[in-house]
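The values are calculated or read from the model by the stated rules, or taken from the named source; none is laboratory data. Since we're looking at a predicted model, the values are computed, not measured. Because the Cβ atoms are built from the backbone with ideal geometry, glycine has one as well, and the counts that use them run over all protein chains shown. Heavy atoms of the whole protein, side chains included, go into the accessibility calculation; ligands, DNA and RNA do not. Shrake-Rupley method; radii C 1.70, N 1.55, O 1.52, S 1.80 Å.
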Amino acid sequence: MRLSGIALRNIFRNKRRSLLSILALAVAATSITIFFSLFEGIKTNIQTNSWDWDAGEVRLRHAEFDRYEYLNPVQYVVGDYRDLVDRLRAHPEVRTVSPRIRVLGAAFRGEQQFATLGLGLDLEREQEYQDLERVIAAGRLPRSGTNEAILGRGLASDLDIGTGDIVTFLIQTRRRGSNAFTLDVVGLADFPVPQLNSSGYILPIENADRYMRMDGAASEILLKSVGGDTVEFADGVRSFLEESGRTELSVVPWTRISGGYSYLRTAGVVYNIVALIFFLLASTVIISTTMMIIHERTREIGTLAAMGMHGGELVRLFFLESAYLGAIGSFVGVVIGVAITIPLSRIGIDFGSAMDMVEMDLSSVLYPVLNVRSTVLVFFFGLAVAMVSTYPSARRAAKLRPVEALRAE
Amino acid sequence: MITIKDVKKDYIDGDIKVHALRGVSMEIERGEFLSIAGPSGSGKTTLLNLIGCIDSIDGGEISIDGEELARRKAKELVEIRRHKIGFVFQSFNLIPVLSAYENVAIVLEMLELPRGEIRERTMTLLHEVGLEGMENRRPSKLSGGQQQRVAVARALIKEPLIVLADEPTANLDSGTGEALLKLMKRINHDRGTTFVFSTHDPMVMDYAGRLCRLHDGEIESDEKRSV
């Protein structure tokens with residue numbers, strides 16, 4: 001009978017107590033698995049939304065626009081974007097390119113005015129950049145070169161219009177003049193970003209060019225890389241632009257643009273601390289259980305020591321017991337966590353209007369994402385916590401003088 | 001084999017210093033069947049604990065096979081216990097989650113002997129102490145006498161230099177106690193194993209080849225007897 005065998009049998013000595021330890025760890029592991037999966041889902045959601053709708057992985061703009069963005073300096077544009085887009089597409093590190101014209105303006109319903117943001121997209125090529133069909137809630141996508149648009153559901157609701165209606169926008173052109181145009185609403189969109197939902201619409205880039213008097217320029221070009229480090233990708237694009245003589249353009253990675261990314265960095269630390277607190281709470285159960293076990297088995301410890309068992313072997317014996325409890329508790333916890341997360345990752349968790357108040361690219365429906373961190377790491381962390389929690393008590397047991405241990409009742 | 005020279009041991013009981021042993025000296029030879037007798041508090045268990053390397057000496061010397069105990073580090077004392085000393089306790093002190101076989105075999109596993117040898121030696125000894133067919137029973141499924149036989153087998157399995165038995169019959173009825181004494185006497189005779197008992201049971205004293213009486217931490221009498 002090896003130490004591992006004795007340890008395994010010991011956990012069945014007081015089934016209720018062992019069950020309590022397992023339960024404490026399982027609850028912690030389940031909570032953290034769901035918690036980390038949700039965080040991973042938030043991370044994926046913010047990144048996807050930011051890449052698709054706001055900053056791309058890397059965003060190209062006129063440097064002066066970036067500098068004076070707070071003034072909405074629409075005169076600073078990416079000139080001759082079509083040629084640049086073609087050359088960027090040929091770049092080996094670039095996967096997809098999305099030129100965009102941002103159309104800031106307003107729409108009216110009676111006396112009421114609503115701020116709007118139109119996105120002029122190259123609708124034929126945008127499909128390479130992202131799947132636009134997924135945002136269609138009703139109707140269809142607009143066709144290139146037409147006066148068609150799809151509206152965010154919130155905006156459509158504010159304006160009290162739907163598919164088949166028309167809508168007029170008042171905008172400021174590149175030359176800082178005013179313009180107004182009317183579009184046929186051919187569809188409604190459920191944009192994943194709440195703010196875009198309440199004020200956004202999509203129209204063909206050719207029409208946006210015309211309404212904004214862009215003369216073949218775009219507001220910005222969003223890029224996605226073939227993979228790898230975003231900052232290195234941005235550096236590569238910057239070098240490419242310098243070689244191409246387009247030094248007026250700035251290249252900014254999404255990590256510097258997205259408010260969500262800053263949130264993720266802060267939240268990541270906070271979430272890790274919360275996870276640690278969960279496990280610390282579970283560890284208090286393990287610590288008290290081990291202390292009770294050692295108190296109850298003091299004479300047994302004395303007997304083993306009298307038989308010639310070394311302190312290190314005694315520590316190992318208690319470590320192994322905790323390892324079994326930790327492994328069972330963490331495994332059960334992670335399995336339950338996974339079982340809860342899998343359906344949630346399909347149906348999503350709807351945070352509803354609560355997300356409207358969040359000023360970042362975060363959807364109101366979030367889909368938890370299971371990964372190595374939320375499963376394998378949680379399991380091993382639970383195991384480690386169980387074992388480390390045992391150490392002080394086990395060490396104390398190993399240091400007991402046999403003669404005193406044998407006197408214990 | 002075991003030399004005890006002017007051994008002293010004090011305990012602190014509250015504010016009072018208790019002199020458990022006040023300079024005990026004796027020699028224990030190989031193959032002896034020695035009973036240390038005396039009333040409660042006379043120091044017999046303390047003396048056994050000191051010989052068994054599970055308590056520290058305050059004065060004097062104990063040497064086992066020429067090895068002076070007082071100068072040994074804790075780890076070296078564990079090694080002496082592991083290889084040279086077997087214990088039989090008044091309350092048997094078997095590990096409840098292990099079977100009779102495992103309670104005995106664990107001692108040889110600590111010595112890292114081959115599995116086959118462990119099995120053979122353990123089964124032979126369990127048979128010798130009359131526990132054939134009970135190898136797989138856990139202590140809770142054994143009678144007091146059977147449990148103490150397992151404890152004796154556990155103490156003997158490593159073929160120690162000395163077996164220390166602290167009041168081994170105290171928790172047994174007289175019939176079972178006598179059967180156990182006969183068993184240990186037979187092993188002492190057949191194997192030449194040295195046994196040292198602490199007891200205040202007259203029956204144990206009757207079986208002893210040498211009877212050493214302690215009183216207030218001092219040797220009152222020490223006589224060899226023919227049994």
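Could you tell me whether any residue of the range A:282-304 is within 14 Å of chain B (Cβ to nearest Cβ), in contact (Cβ under 8 Å) with a residue 60 or more places away in the chain and over 30 Å from A:L23 (Cα atoms)?
Yes.
Against the condition out of contact with any strand residue (DSSP E or B) (no Cβ under 7 Å at 6 or more places or on another chain), farther than 30 Å from A:Q195 by Cβ and more than 14 Å from chain B (Cβ to nearest Cβ), how does A:S345 come out, does it pass? Steps first, answer last, please.
Values: out of contact with any strand residue (DSSP E or B) (no Cβ under 7 Å at 6 or more places or on another chain): yes; farther than 30 Å from A:Q195 by Cβ: no; more than 14 Å from chain B (Cβ to nearest Cβ): yes.
No, not satisfied.
Being within 11 Å of chain A (Cβ to nearest Cβ) and in contact with a helix residue (DSSP H, G or I) (Cβ under 9 Å, 6 or more places away or on another chain) narrows it down to one residue among B:L98, B:L113; which is it?
The match here is B:L98.
I'd like to know if the range B:137-150 contains one or more residues that are at pLDDT below 90, touching a Lys or Arg at 6+ places or on another chain (Cβ under 9 Å) and open to solvent by 10 Å² or more (accessible area, probe 1.4 Å).
Within the range B:137-150 (the criterion being at pLDDT below 90, touching a Lys or Arg at 6+ places or on another chain (Cβ under 9 Å) and open to solvent by 10 Å² or more (accessible area, probe 1.4 Å)), the answer is no, since none of the residues qualifies.
Among B:V104, B:V97, which is the only one that is open to solvent by less than 10 Å² (accessible area, probe 1.4 Å), assigned to a loop (DSSP other than H, G, I, E, B) and under 29 Å from B:M134 (Cβ atoms)?
Working: B:V104 fails: assigned to a loop (DSSP other than H, G, I, E, B).
The conditions single out B:V97.
Within the set of pairs 6 or more residues apart or between chains, which connect a residue that is touching a residue at least 24 places away in the same chain (Cβ under 8 Å) inside the range A:262-275 to a residue that is of a type outside the set (S, T, Y) and part of a helix (DSSP H, G or I) with Cβ atoms less than 6 Å apart?
A:L264/A:K43; A:Y271/A:F39; A:A275/A:I32
I need the full set of residues from the range A:67-95 which are closer than 21 Å to A:E243 by Cβ, touching a residue at least 24 places away in the same chain (Cβ under 8 Å) and within 30 Å of the chain's Cα centre (by Cα), in order please.
Matches in the range A:67-95: A:V85, A:L88, A:H91, A:P92, A:E93, A:V94, A:R95.
B:N171 versus (1) open to solvent by 20 Å² or more (accessible area, probe 1.4 Å); (2) part of a strand (DSSP E or B): which is the lone unmet condition?
(2)
In the list B:R72, B:R30, B:R22, which residue meets the criterion of being under 20 Å from A:G302 (Cβ atoms), open to solvent by 10 Å² or more (accessible area, probe 1.4 Å) and among the charged types (D, E, K, R)? Steps first, answer last, please.
Numbers: B:R30 fails: under 20 Å from A:G302 (Cβ atoms); B:R22 fails: under 20 Å from A:G302 (Cβ atoms).
Every option except B:R72 fails the conditions.
Residue under question is A:S288, and the condition is that it be open to solvent by less than 20 Å² (accessible area, probe 1.4 Å) and either within 43 Å of the chain's Cα centre (by Cα) or closer than 25 Å to B:A74 by Cβ (or both); does it hold? Even if it seems obvious, please write down each step before you answer.
Values: open to solvent by less than 20 Å² (accessible area, probe 1.4 Å): no; either within 43 Å of the chain's Cα centre (by Cα) or closer than 25 Å to B:A74 by Cβ (or both): yes.
No; evaluated as a whole, the condition is false for this residue.
What are the residue pairs meeting all of these: first residue in the range A:387-409, first residue away from chain B (no Cβ under 14 Å), second residue outside any helix (DSSP H, G or I), Cβ atoms under 9 Å, and 6 or more apart or on different chains?
A:A397/A:R297
Per-residue answers, yes or no, for (1) open to solvent by less than 30 Å² (accessible area, probe 1.4 Å); (2) within 16 Å of A:P142 (Cβ to Cβ); (3) touching a strand residue (DSSP E or B) at 6+ places or on another chain (Cβ under 7 Å):
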{"site": "A:R176", "(1), (2), (3)": "no, no, no"}
{"site": "A:A180", "(1), (2), (3)": "no, no, yes"}
{"site": "A:A189", "(1), (2), (3)": "yes, yes, yes"}
{"site": "A:Q195", "(1), (2), (3)": "no, no, no"}
{"site": "A:S198", "(1), (2), (3)": "no, no, yes"}
{"site": "A:I202", "(1), (2), (3)": "yes, yes, yes"}
{"site": "A:D209", "(1), (2), (3)": "yes, yes, yes"}
{"site": "A:M214", "(1), (2), (3)": "yes, no, yes"}
{"site": "A:A217", "(1), (2), (3)": "yes, no, yes"}
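Return the total of residues in the range A:105-144 being among the small types (G, A, S) and not in a strand (DSSP E or B). Reasoning before the result, please.
Filtering the range A:105-144 for residues among the small types (G, A, S) gives A:105-107, A:110, A:115, A:118, A:120, A:137-139, A:144.
Filter once more, so that each one left must be not in a strand (DSSP E or B): A:110, A:144.
Going through the range A:105-144 one residue at a time, the tally reaches 2.
Please enumerate the residues belonging to the range A:1-29 that are part of a helix (DSSP H, G or I) and within 12 Å of chain B (Cβ to nearest Cβ).
Residues of the range A:1-29 part of a helix (DSSP H, G or I): A:3-10, A:15-29.
Across the range A:1-29, the qualifying residues are A:L3, A:S4, A:G5, A:I6, A:A7, A:L8, A:R9, A:N10.
Anything in the range A:99-139 that is buried (at least 20 other Cβ atoms within 10 Å of the Cβ) and farther than 21 Å from A:G56 by Cα? List them, or say none.
A:G105, A:A107, listed by residue number.
Looking at A:E313, A:E321, which one is in a helix (DSSP H, G or I), surrounded by fewer than 23 Cβ atoms within 10 Å (Cβ to Cβ) and within 13 Å of chain B (Cβ to nearest Cβ)? Full working, then the answer.
Numbers: A:E321 fails: surrounded by fewer than 23 Cβ atoms within 10 Å (Cβ to Cβ).
Going through A:E313, A:E321 in turn, just one is in a helix (DSSP H, G or I), surrounded by fewer than 23 Cβ atoms within 10 Å (Cβ to Cβ) and within 13 Å of chain B (Cβ to nearest Cβ): A:E313.
Residue by residue through the range A:376-391, note down the ones that are of a type outside the set (G, A, S) and crowded, with 19+ Cβ neighbours inside 10 Å.
Pass one, the range A:376-391, residues of a type outside the set (G, A, S): A:376-381, A:383, A:385, A:387-388, A:390-391.
Passing the criteria: A:V378, A:F379, A:F381, A:L383, A:V385, A:M387, A:T390.
Just one of the numbered conditions (1) modelled with pLDDT of 90 or more; (2) over 12 Å from A:T303 (Cα atoms); (3) more than 14 Å from the chain's Cα centre (by Cα) is not true of B:H83; which one?
Failed condition: (3).
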